[in-house]
1. Quick check on Arg267: is it open to solvent by 80 Å² or more (accessible area, probe 1.4 Å), closer than 30 Å to Val252 by Cα and charged (D, E, K, R)?
2. Out of everything in the stretch 22-41 that is of a type in the set (A, V, I, L, M) and within 13 Å of ligand 2 (Cβ to nearest atom), what residue ends up being nearest to Tyr74 (Cα to Cα)?
3. Which residue out of Asp284, Asp306, Asp279 is at pLDDT 95 or above, away from ligand 1 (no atom under 15 Å from the Cβ) and either in a loop (DSSP other than H, G, I, E, B) or not β-branched (Val, Ile, Thr) (or both)?
4. State all residues of the stretch 114-143 that are more than 18 Å from Arg291 (Cα to Cα), crowded, with 20+ Cβ neighbours inside 10 Å and not hydroxyl-bearing (Ser, Thr, Tyr); if no residue qualifies, say none.
5. Does any residue in the stretch 135-159 that is in contact (Cβ under 8 Å) with a residue 24 or more places away in the chain and within 15 Å of Ile273 (Cα to Cα) come within less than 6 Å, Cβ to Cβ, of a residue that is assigned to a loop (DSSP other than H, G, I, E, B) and open to solvent by 40 Å² or more (accessible area, probe 1.4 Å) six or more places away or on a different chain, and which pairs are these?
6. Which residues, taken from the stretch 88-103, are in contact with a helix residue (DSSP H, G or I) (Cβ under 8 Å, 6 or more places away or on another chain) and open to solvent by 10 Å² or more (accessible area, probe 1.4 Å)?
Amino acid sequence: MAKAKHWIEPHPQGIYVRPAEVWIDPSVSKENAVVTHGHADHARGGHGDVWATPETLAIMGLRYGTEAGTPIAYGEGFERGGVRFSLHSAGHVLGSAQVLMEYQGERVVVTGDYKRRPDPTCAPFELVPCDIFITEATFGLPVFQHPPIAGEIAKIFARLEAEPDSSILIGAYALGKAQRVIAELRRAGWDKPIYLHGAQVRMCELYEELGVSLGELRLVMDTPKDEMRGQIIIAPPSALTDKWSRRLPNPVTAMASGWMRVRGRARQRGVEIPLVISDHADWDELTETIRELAPKETWITHGSEDGLLRWCELHQIRARALAMVGREEGDDG
Ligand SMILES: [Zn+2]
Ligand SMILES: [Zn+2]
């Protein structure tokens, strides 16, 4: 296990890098913070100095009104207290980064959230060799296998063909998932307007500003009901069962999330078309990444720690689960 006085200290509120006096993804406001990506369980407002990718800073600006910070592009970094920090693509959402820290000859990587599947809305995951790999484990159980995304997108088209008078209402988290679903619909050839719930607009606009093309987007509020027959609507998951959806013609409810792998969850939310589309590594990606990196130690931040911990033990990989708070599973699955 890790030495008692390691230079990296996991705390319930985040990972503290002692020689640099810097926190990674702290869940409460801190003087110095490196932020891996814009999701609320990693990015909080109110820090003093922030280091993050330009895209993450822009997303934090949109969410918290605090765009101040030092932008660090992928592959670049800074030095503080003898620790060399650099950011590397995590493939999770636009701007998401892993943090590599080098100190006295030791290399430590913190993944934040990551995935290894291709995603047209963000840069691909980079495998960064390290001695200590500090990983997420949102889907750290063998049951979680994310299918290829093309098959999930095809379910939407099949339903529209069968029911041309209906509309398909897709619940998708506003940062990352919504834009990825839209981009995948475009890639599959859907060139009609896609209709948005008001809560999805600003992040989609920011993605466009940052160079991710999403095609023609229209606001549901501005559209006559009949015009949306046979069309696709994207809304936050919370709006699926909301009375808001009454303005849609015969809505068929879909939901894009890795949690849709669990049938009970889909049923619970009244989802007719569960779309197993996740922005996190699935079980195979988690375990293959550890295998490929072959780090001396693996530390697990959040998710199903026990499953991954057990796997590491079985494969004689030194591992420990960190008790992180404020990283409850969210709709960003
Ligand atoms: Zn995330
Ligand atoms: Zn997370």
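The values are calculated or read from the model by the stated rules, or taken from the named source; none is laboratory data. Small disclaimer: the values here were computed from a predicted structure and weren't measured. We place every Cβ from the backbone using ideal geometry, glycine too, and count neighbours over all the protein chains shown. Ligands, DNA and RNA are stripped out before the accessible areas are found, and what is left, the full protein with its side chains, is counted by its heavy atoms. Shrake-Rupley method; radii C 1.70, N 1.55, O 1.52, S 1.80 Å.
1. On the way: open to solvent by 80 Å² or more (accessible area, probe 1.4 Å): yes; closer than 30 Å to Val252 by Cα: yes; charged (D, E, K, R): yes.
For Arg267, the condition - open to solvent by 80 Å² or more (accessible area, probe 1.4 Å), closer than 30 Å to Val252 by Cα and charged (D, E, K, R) - is met.
2. Of everything passing the filter in the stretch 22-41, Val35 is nearest to Tyr74 (Cα to Cα).
3. On the way: Asp306 fails: at pLDDT 95 or above; Asp279 fails: away from ligand 1 (no atom under 15 Å from the Cβ).
Answer to the check: Asp284.
4. Asp119, Cys122
5. The qualifying pairs are Ile153/Ala188.
6. Leu94, Tyr103 - these are the residues of the stretch 88-103 that are in contact with a helix residue (DSSP H, G or I) (Cβ under 8 Å, 6 or more places away or on another chain) and open to solvent by 10 Å² or more (accessible area, probe 1.4 Å).
Each row is one residue, and each column tells you yes or no for (1) assigned to a strand (DSSP E or B); (2) of a type in the set (Ser, Thr, Tyr).
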{"position": "Cys130", "(1), (2)": "no, no"}
{"position": "Ile153", "(1), (2)": "no, no"}
{"position": "Ile170", "(1), (2)": "yes, no"}
{"position": "Gln179", "(1), (2)": "no, no"}
{"position": "Tyr195", "(1), (2)": "yes, yes"}
{"position": "Tyr207", "(1), (2)": "no, yes"}
{"position": "Leu214", "(1), (2)": "no, no"}
{"position": "Met221", "(1), (2)": "no, no"}
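Here is a yes/no grid of residues against (1) under 23 Å from Arg320 (Cβ atoms); (2) at pLDDT below 95; (3) in a loop (DSSP other than H, G, I, E, B):
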{"position": "Trp23", "(1), (2), (3)": "yes, no, no"}
{"position": "His37", "(1), (2), (3)": "no, no, yes"}
{"position": "Asp41", "(1), (2), (3)": "yes, yes, yes"}
{"position": "Arg63", "(1), (2), (3)": "no, yes, no"}
{"position": "Thr66", "(1), (2), (3)": "no, yes, yes"}
{"position": "Gly75", "(1), (2), (3)": "no, no, yes"}
